[in-house]
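Just dropping this structure here.
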Amino acid sequence: MYTPMMRFIRNVVCTGDAPGVGPYSQAVKGGGFIFVSGQLALDPATRQIIEGDARQQTERALQNIATILKAAGSDLDKVVRCGVFLKNISDLEAMNDVYGKVFGPHPPARTTVEAVRLPKGSLVEIDAIAME
């Protein structure tokens, strides 16, 4: 049930099991939702982009999102929207293969765009909004 006070509650989510590399929160909970910041294919231990193609980088970015959602008390099944940024739109099919396997027959709403450059030379960046 939504109450007017819910709009003032904002909780930052942070876990050492997922990478954080800038002056932003890994995720923020508010209003019954979890807003996960864009995740790159960063190895949580080294904080470096993993080697590999768009398929492998998509897997790693989604693993990072799953880890953050777990720390927030949610999971990938509760994701309602994703934003996907690709360095090269020709990687769409590879990204879709992984994305489709992770989210199954009822995937979240999504926007996918080609970006001129992504942080740290990444091929893929994905953000997400999930229900608590």
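The values are calculated or read from the model by the stated rules, or taken from the named source; none is laboratory data. Remember, it's a predicted structure, so these values are computed and weren't measured experimentally. FYI the Cβ positions are ideal-geometry reconstructions off the backbone, even for glycines, and counts take in every protein chain you see. Just the protein is used for accessible areas: all its heavy atoms, side chains included, with ligands, DNA and RNA removed. Shrake-Rupley method; radii C 1.70, N 1.55, O 1.52, S 1.80 Å.
If one computes the Cα centroid of the stretch 72-132 and of the stretch 9-31, what distance in Å separates the two points?
Between the Cα centre of the stretch 72-132 and that of the stretch 9-31, the gap is 18 Å.
Same structure, new question: Determine the percent antiparallel among the DSSP beta bridges restricted to the chain, to the nearest 5.
75 percent
Looking at ALA71, HIS106, SER122, which one has the Cα that reaches farthest to the positive end of the dipole of the chain (charges on Cβ: Lys, Arg +1; Asp, Glu -1)?
The residue sitting most towards the positive pole is ALA71.
Here's a follow-up. Specify whether the C-alpha gyration tensor of the stretch 37-88 places it in the rounded, prolate or oblate class, a ≥ b ≥ c being the square roots of the eigenvalues: rounded for a/c under 1.5, otherwise prolate if a/b is larger than b/c and oblate if not.
Here the stretch 37-88 falls in the oblate category.
Using a probe radius of 1.4 Å on heavy atoms only, what accessible surface per residue do you get for the chain? Whole Å² is fine.
56 Å²
Now a separate question. What is the percent carbon and sulfur in the accessible area of the chain, measuring with a 1.4 Å probe over the protein chains and ignoring ligands?
Of the solvent-accessible surface of the chain, carbon and sulfur hold 54 percent.
Here's something else I'd like to know. Based on alpha-carbon atoms only, what is the radius of gyration of the stretch 79-132 relative to the globular estimate 2.2 N^0.38 Å? Before the final figure, lay out the partial values.
Details: Rg = 11.4 Å, N = 54, 2.2 N^0.38 = 10.0 Å.
Taking N as the residue count of the stretch 79-132, the ratio is 1.14.
If I take the Cα coordinates of the chain and project them onto the principal axes, what are the three extents in Å, biggest first?
So the three principal-axis extents are 45, 33, 24 Å.
Work out the charge dipole of the chain with +1 on the Cβ of Lys and Arg and -1 on the Cβ of Asp and Glu about the Cα centre, then indicate which of VAL80, LEU62, LEU40 is farthest towards its positive end.
VAL80
Past the 24 Å Cα-Cα mark, which pairs from LYS29/LYS101; LYS29/LYS120; LYS29/LYS78; LYS78/LYS101?
Correct reply: LYS29/LYS101; LYS29/LYS120.
Ok, one more. Work out, step by step, the length gained on full extension between THR112 and SER90: first 0.36 nm times the residue separation, then minus their alpha carbon distance; give nm to one decimal.
Here the segment from THR112 to SER90 would lengthen by 6.7 nm.
Dipole size in debye (nearest 20) for the chain around its Cα centre, Lys and Arg Cβ +1, Asp and Glu Cβ -1?
460 debye
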